[in-house]
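S.K.: Sharing a structure, written as structure tokens. Questions coming.
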Amino acid sequence: MALLWGDSSGREVALLRRRVELLEEQVAMLAKFAGMDPNHLPQARPVLDEQAQQLALRGQRIAAIKVHRETRHLDLVTAKDDVEAFLAEHSRASTS
């Protein structure tokens, strides 16, 4: 936890995570108020669409980034970060 609080960006990440937690709590409360089961709310869509995922998994990172940029209208850095995060998550899931 010391690393997380070691710089301003770490504090920002922690604050953003807390804000997301609060928003999720609010959505759950609103769903209950509306008579909905909060466990049956739509889930977040995958960051990469199927085509970008397949390209990334085949080792075609640049093509995956290009497709992801065009599909979601993203800048290069964001698209690159999304593809790398997907691959990191996929490798963690496949090793566990």
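The values are calculated or read from the model by the stated rules, or taken from the named source; none is laboratory data. None of these values were measured; they are calculated from a predicted model. FYI the Cβ positions are ideal-geometry reconstructions off the backbone, even for glycines, and counts take in every protein chain you see. Note: areas computed on protein heavy atoms with side chains; ligands, DNA, RNA excluded. Shrake-Rupley method; radii C 1.70, N 1.55, O 1.52, S 1.80 Å.
S.K.: Picking from Leu87, Leu48, which residue would you name as being free of Cβ contacts under 8 Å to residues at least 60 places away in the same chain, in a helix (DSSP H, G or I) and under 16 Å from the mean Cα position of the chain (by Cα)?
M.R.: Working: Leu48 fails: in a helix (DSSP H, G or I).
Criteria check complete, one pass: Leu87.
S.K.: If you scan the stretch 63-83, which residues turn out to be within 12 Å of the chain's Cα centre (by Cα) and in contact (Cβ under 8 Å) with a residue 12 or more places away in the chain?
M.R.: Going through the stretch 63-83, the residues within 12 Å of the chain's Cα centre (by Cα) turn out to be 78-79, 81-83.
Answer for the stretch 63-83, where residues must be within 12 Å of the chain's Cα centre (by Cα) and in contact (Cβ under 8 Å) with a residue 12 or more places away in the chain: Ala79, Asp82, Val83.
S.K.: Could you grab me the full set of residues in the stretch 62-91 that are within 16 Å of Pro46 (Cβ to Cβ) and of a type in the set (A, V, I, L, M)?
M.R.: Selection gives Ala64, Ile65, Val67, Leu74, Ala79, Val83, Ala85, Leu87, Ala88.
S.K.: Restricting the stretch 17-54 to residues that are under 18 Å from His73 (Cα atoms) and touching a helix residue (DSSP H, G or I) at 6+ places or on another chain (Cβ under 6 Å), which is modelled with the lowest pLDDT?
M.R.: Val47
S.K.: May I pose another question? For the stretch 64-86, how many residues are open to solvent by less than 40 Å² (accessible area, probe 1.4 Å) and farther than 30 Å from Val27 by Cβ?
M.R.: Count: 3.
S.K.: Tell me which residues, restricted to the stretch 23-45, are in a helix (DSSP H, G or I) and surrounded by 10 or more Cβ atoms within 10 Å (Cβ to Cβ).
M.R.: Across the stretch 23-45, the qualifying residues are Leu23, Glu24, Glu25, Gln26, Val27, Ala28, Met29, Leu30, Ala31, Lys32, Pro38.
S.K.: Quick test of your reading of the structure: Gln60 fulfils all but one of (1) at pLDDT 90 or above; (2) exposed (fewer than 10 other Cβ atoms within 10 Å of the Cβ); (3) over 20 Å from the mean Cα position of the chain (by Cα). Name the failing condition by number.
M.R.: Here Gln60 clears every test but (2).
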